[in-house]
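The values are calculated or read from the model by the stated rules, or taken from the named source; none is laboratory data. A quick note: this is a predicted structure, and the numbers were derived from the prediction, not measured. Heads up, the Cβs are rebuilt from the backbone with ideal geometry, glycines too, and the neighbour counts pull from every protein chain shown. Just so you know, the surface numbers come from the protein's heavy atoms only, side chains and all, with ligands and any DNA or RNA stripped out. Shrake-Rupley method; radii C 1.70, N 1.55, O 1.52, S 1.80 Å.
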Amino acid sequence: MKIDIILCGVGGMGALSTAAIISQAALDMGMYMKQAETHGMSQRGGDVQSHLRLSDQEIASDLIPSGQCDIILSVEPMEALRYLPFLNKENGWVITNENPFINIPNYPEKETVLAEVKKVKNSIVFDADQIARDLGNPKGTNMVVLGAASKYLKIDIEKLEKAINDIFGKKGDAVVEANINALRAGRAVADKM
């Protein structure tokens, strides 16, 4: 069993925290893991992405070849669009928040970006921001998107919840609970599809 994931977004939106949670959960399941991160201009709202490779066998490279990615998990739709050349077009999934983070003057129309992402056979494009706000956790968009992706990660959701507890536990029970609730709300979205 192997799964190749690209996590992407804009600096400060939690893409790298999400990668850490998935990595921790996979390691807890006894899987092999390799990760490569590009932080870009994250301090200024720039592109952030991580290649995350999980397997029950040893992994040779930390970079995902073009056309081989199983899941693109994104907290920003244009970032999901940027990494589509990596996606396995037949069986791969794109799971993204539908709301753009407009950080450049010539950002394309939202509808144009979403239409391109929705051309992918297996895609979940939804308002993760609104779900996070409804939960009283406006910074939890990344956990909502992770929850939606959890159905396809081949990782037990309980392992993801444990990883959230391990990673955010030092911030207190309220932070852990808020993130687990966001994860579960995202999973409910995927389960309805």
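Need one number: % antiparallel among DSSP beta bridges in the chain, to the nearest 5.
Of all bridge pairs located within the chain, approximately 55 percent are antiparallel.
Kindly rank 148-157, 80-89 from highest to lowest mean number of other beta carbons found within 10 Å of each residue. Walk me through the numbers on the way to the answer.
Numbers: 148-157: 20.6, 80-89: 18.9.
Highest-to-lowest ranking by the protection proxy: 148-157, 80-89.
Kirkwood hydrodynamic radius, segment 96-193, all distinct C-alpha pairs: what's the number in Å?
After inverting the pairwise mean of 1/r, the radius is 14.3 Å.
Mean Kyte-Doolittle of at least -1.0 plus a Cα span of 15 Å or more along the axis: flag which DSSP H helices in the chain meet both, please. Walk me through the numbers before you get to the answer.
Working: long enough: 15-28 (20 Å, 1.16); 157-168 (16 Å, 0.01); 173-192 (29 Å, 0.05).
Length and hydropathy pass: 15-28, 157-168, 173-192.
Taking 0.36 nm per residue of separation and subtracting the Cα-Cα distance, what length does fully extending Ile59 through Asp28 add?
Numbers: separation 31, 0.36 × 31 = 11.16 nm, distance 1.68 nm.
Fully extending the segment from Ile59 to Asp28 adds 9.5 nm.
Can you give me the % of accessible surface on segment 1-100 that is carbon or sulfur? Probe 1.4 Å, all protein chains present, nothing else counted.
Values: 1990 of 4020 Å².
Heavy-atom surface of segment 1-100 belonging to carbon and sulfur, 1.4 Å probe: 50 percent.
Could you work out [θ]222 nm for the chain from helices alone, using -39500 (n - 2.57) per DSSP H run of at least four and dividing by all its residues? Round to the nearest 500 deg cm²/dmol. Spell out each step's value before the answer.
Details: 7 runs with 78 residues, N = 193.
Taking each H run of at least 4 residues, the total per residue is -12500 deg cm²/dmol.
Based on the Cβ-Cβ distance of Asn91 and Asp127, what FRET efficiency does E = 1/(1 + (r/R0)^6) give at R0 = 25 Å, to the nearest 0.05?
On the way: r = 26 Å, r/R0 = 1.03.
Efficiency, rounded to the nearest 0.05: 0.45.
Say each of Asp166 and Lys119 gets a label point 7 Å from the Cα, pointing the same way as Cα to Cβ; how far apart are those two points in nm?
4.0
If we sort 14-25, 109-120, 176-187 on the protection proxy, mean other Cβ atoms within 10 Å, highest first, what's the order? Walk me through the intermediate numbers first.
On the way: 14-25: 23.0, 109-120: 14.6, 176-187: 21.4.
Going from most to least packed, we get 14-25, 176-187, 109-120.
Using a 1.4 angstrom probe, figure out how much accessible area the chain has per residue, in square angstrom, rounded to the nearest whole. Can you show the working numbers first?
Working: 9060 Å² over 193 residues.
For the chain, the solvent-accessible area averages 47 Å² per residue.
Computed FRET efficiency, Cβ-Cβ of Gln68 and Ala174, R0 45 Å: what is it to the nearest 0.05? Walk me through the numbers before you get to the answer.
Working: r = 39 Å, r/R0 = 0.88.
E between Gln68 and Ala174, to the nearest 0.05, is 0.70.
Can you list the equivalent-ellipsoid semi-axes of the chain, largest first and in whole Å, using the square root of 5 times each Cα gyration tensor eigenvalue?
On the way: eigenvalues 99, 86, 50 Å².
Computed over the chain, the values are 22, 21, 16 Å.
Could you work out the Rg to Rh ratio of segment 54-115, with Rh taken as the Kirkwood radius (inverse of the mean 1/r over all Cα pairs)? Intermediate results must be reported in sequence, preceding the final value.
Numbers: Rg = 13.8 Å, Rh = 13.0 Å.
We get a ratio of 1.06 for segment 54-115.
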